[in-house]
Amino acid sequence: MNRFGNRSLSVVTFVASAALLAACGGGGGGSSSPAAPTGLPTSTPQALHRATMTISFPVGHHTSSNRKSPQYISPSTTEMVVVVNNVNGGTPPGGAPISETTALTVGTNCTVSGGTETCTLSVIAPPGSVNYTFSATDGTSTLSTLSKTITNTVGTNNMPSITLQGIVSGTVSVSGAALTANTAVTAGETLTVAAYDADGNQIVNGSTSANYNNPITLTDNDATGQTQLSVNGGAASSSVAMINPSDVVKLTYTGQATNSFTISASAAGFPGDPPVAGGGTITANVNDITFTGTTLDDAAHGGLTTDVNYSEPTLFFTQPSGSLNVTGAETGWTNTPFSQQFDLVPGNGTGNTCGTGGGIATFSAGPATTFTITAHGVGICKVRLEEHGTGYPITSHPAPSTSTDTTHDGTFWISVTSSDVTVDAKHRH
């Protein structure tokens, strides 16, 4: 069972406050009944100098939006590991770092009062400048950690404040509101970035000093270049680093039509663990492509329901010769300030013949918004306007909203018939 209840992970603030005990047990006192660590050295001088560390954090449910207090801890934490790395710049007496592990247990060394849980433990405290590594773990995985140098003075109440850094060992998710073509987001849309520890708890914190143990790199994979990222109002770029759970990540958008894209997230993870990966998809909504110069192949224009192009925009030729123009328009693409163009691509057939064999029609070269179509042979073929440029065309035009919404993806047809009439047959268009 989760010993700390249902809380989001964050970085805990530790306050170590006690006078160092004298070598034979005298000196200033610490808090009552500090927990005894495991792995306690008994034959080195520094084992005779100890201090009391107090850990306080709120009890109860806290979501990731509650970021005003820095005093959080992973709900999976069951023990504290304190390592003395060096003393006064040299190895600790005994010639090696000293590590102590203390279990945190309500009723033993932890109490709950007024919505706050407080745990007290005894830590080794050699006099002098001591470099420590403090780590909160679940017994297997390290959930948050910090290395810090503290000056311990015998007979003095030492009260350093230590804020651990959350270790991103799970995944990182990124989400944001959908973008809409022709609607620029110049001030930036705030993205939601959630990073998780090894036990799947979200790392949240409001303290500007409570950074992640390793930065999270966010990369905008929008191949069209219409969007960029920024952190805390900094310079916009395709790749940024997020170092704190409270960092504000924003996405700017020019308003020019773009494909939906991903924002990938990566972090180095804890030493010995594999790199962390994650991210999310930003949806980009685009508009229909409309035509000037085409006619719907419907009953009003002589069309039959059996026609392959029935109810579709069609450019009709009554003979296999002559030229007609078609103009395409797309809000968020061809209009000002974007003024972008299309390529005209055969929907069946190859090259610019529009069909197989001798060809039905050819068309002028792109990119352009207006294309000249020239008829060459009787038949019908399908073509499509596609957005021209790096990262294009748009691959996810909206689905038809109604049965008459036939222009959504830039597809239209070219129909070439013969206009001569005989006694026993007729050609229609």
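The values are calculated or read from the model by the stated rules, or taken from the named source; none is laboratory data. All figures in this text were calculated on a predicted structure; none of them were measured in a lab. Quick reminder, even Gly has a Cβ in these numbers, built from the backbone with ideal geometry, and neighbours come from all protein chains shown.
Return yes when Ser99 is over 27 Å from Ser169 (Cβ atoms) and more than 35 Å from the chain's Cα centre (by Cα) and no when it is not. If you could, list the steps in order and put the result at the bottom.
Numbers: over 27 Å from Ser169 (Cβ atoms): no; more than 35 Å from the chain's Cα centre (by Cα): yes.
No; evaluated as a whole, the condition is false for this residue.
Among the residues of segment 159-191, write down those that are modelled with pLDDT of 95 or more, small (Gly, Ala, Ser), surrounded by 15 or more Cβ atoms within 10 Å (Cβ to Cβ) and under 27 Å from Pro275 (Cβ atoms).
Across segment 159-191, the qualifying residues are Ser173, Gly176.
Are any of the residues in segment 263-275 surrounded by fewer than 22 Cβ atoms within 10 Å (Cβ to Cβ), of a type outside the set (S, T, N, Q) and either in contact with a Lys or Arg (Cβ under 7 Å, 6 or more places away or on another chain) or assigned to a strand (DSSP E or B) (or both)? Don't jump to the end; show me each part of the working.
Looking only at segment 263-275, we keep the residues that are surrounded by fewer than 22 Cβ atoms within 10 Å (Cβ to Cβ), and these are 264, 266, 268-275.
Remaining after also requiring of a type outside the set (S, T, N, Q): 268-275.
The next check asks that each one be either in contact with a Lys or Arg (Cβ under 7 Å, 6 or more places away or on another chain) or assigned to a strand (DSSP E or B) (or both); those that pass are none.
Scanning segment 263-275, I find no residue that is surrounded by fewer than 22 Cβ atoms within 10 Å (Cβ to Cβ), of a type outside the set (S, T, N, Q) and either in contact with a Lys or Arg (Cβ under 7 Å, 6 or more places away or on another chain) or assigned to a strand (DSSP E or B) (or both), so the answer is no.
Quickly run through segment 392-404 and pick out the residues that are farther than 15 Å from Thr283 by Cα and surrounded by 15 or more Cβ atoms within 10 Å (Cβ to Cβ). Can you show your working first?
Going residue by residue through segment 392-404, those that are farther than 15 Å from Thr283 by Cα are 392-393, 400-404.
Selection gives Tyr392, Pro393.
For Pro337, all conditions in the list (1) at pLDDT 95 or above; (2) within 17 Å of Tyr392 (Cβ to Cβ) hold save one; what is the number of the exception?
(2)
Counting only residues that are in contact with a Leu (Cβ under 8 Å, 6 or more places away or on another chain) and either in a loop (DSSP other than H, G, I, E, B) or aromatic (Phe, Trp, Tyr) (or both), how many does segment 295-348 have?
6
Of a type outside the set (Phe, Trp, Tyr), at pLDDT 85 or above and surrounded by fewer than 20 Cβ atoms within 10 Å (Cβ to Cβ): does that describe Gly107?
On the way: of a type outside the set (Phe, Trp, Tyr): yes; at pLDDT 85 or above: yes; surrounded by fewer than 20 Cβ atoms within 10 Å (Cβ to Cβ): yes.
Here the answer is yes, as Gly107 does meet what is asked.
Hey, among Val130, Val82, which residue is β-branched (Val, Ile, Thr), touching an Asp or Glu at 6+ places or on another chain (Cβ under 6 Å) and in the same structural domain as Ser144 (by TED's automatic domain parsing)?
Working: Val130 fails: touching an Asp or Glu at 6+ places or on another chain (Cβ under 6 Å).
Val82 is the lone residue from the list that is β-branched (Val, Ile, Thr), touching an Asp or Glu at 6+ places or on another chain (Cβ under 6 Å) and in the same structural domain as Ser144 (by TED's automatic domain parsing).
Please verify whether segment 118-138 includes one or more residues that are loosely packed, with under 13 Cβ neighbours inside 10 Å and within 39 Å of the chain's Cα centre (by Cα).
no
So is Thr120 over 17 Å from Gly269 (Cα atoms), in a strand (DSSP E or B), in contact with a Phe, Trp or Tyr (Cβ under 9 Å, 6 or more places away or on another chain) and not aromatic (Phe, Trp, Tyr) or not? Walk me through it before giving the result.
Values: over 17 Å from Gly269 (Cα atoms): yes; in a strand (DSSP E or B): yes; in contact with a Phe, Trp or Tyr (Cβ under 9 Å, 6 or more places away or on another chain): no; not aromatic (Phe, Trp, Tyr): yes.
No, not satisfied.
Among the numbered criteria (1) farther than 30 Å from Ser237 by Cα; (2) free of Cβ contacts under 8 Å to residues at least 60 places away in the same chain, which single criterion is violated by Val308?
Going through the list (1) farther than 30 Å from Ser237 by Cα; (2) free of Cβ contacts under 8 Å to residues at least 60 places away in the same chain, Val308 breaks only (2).
Only one of (1) at pLDDT below 85; (2) buried (at least 18 other Cβ atoms within 10 Å of the Cβ); (3) within 24 Å of Tyr196 (Cβ to Cβ) is not met by Lys68, so which one is it?
So the condition that Lys68 fails would be (2).
Name the residue that is nearest to Thr331 (Cα to Cα), counting only residues in segment 409-429 that are modelled with pLDDT of 85 or more and not charged (D, E, K, R). Let's see the steps before the verdict.
First pass over segment 409-429, keeping only residues modelled with pLDDT of 85 or more: 409-417.
Adding the requirement that they be not charged (D, E, K, R) leaves 410-417.
Values: Gly410: 13, Thr411: 16, Phe412: 18, Trp413: 22, Ile414: 24, Ser415: 27, Val416: 30, Thr417: 33 Å.
Among those residues, the one meeting the criterion is Gly410.
Could we say that Leu229 is over 25 Å from Ser161 (Cβ atoms), without any contact (Cβ under 8 Å) to a residue 60 or more places away in the chain and surrounded by 19 or more Cβ atoms within 10 Å (Cβ to Cβ) here? Walk me through how you get there before you give the answer.
Working: over 25 Å from Ser161 (Cβ atoms): yes; without any contact (Cβ under 8 Å) to a residue 60 or more places away in the chain: yes; surrounded by 19 or more Cβ atoms within 10 Å (Cβ to Cβ): yes.
The answer is yes for Leu229.
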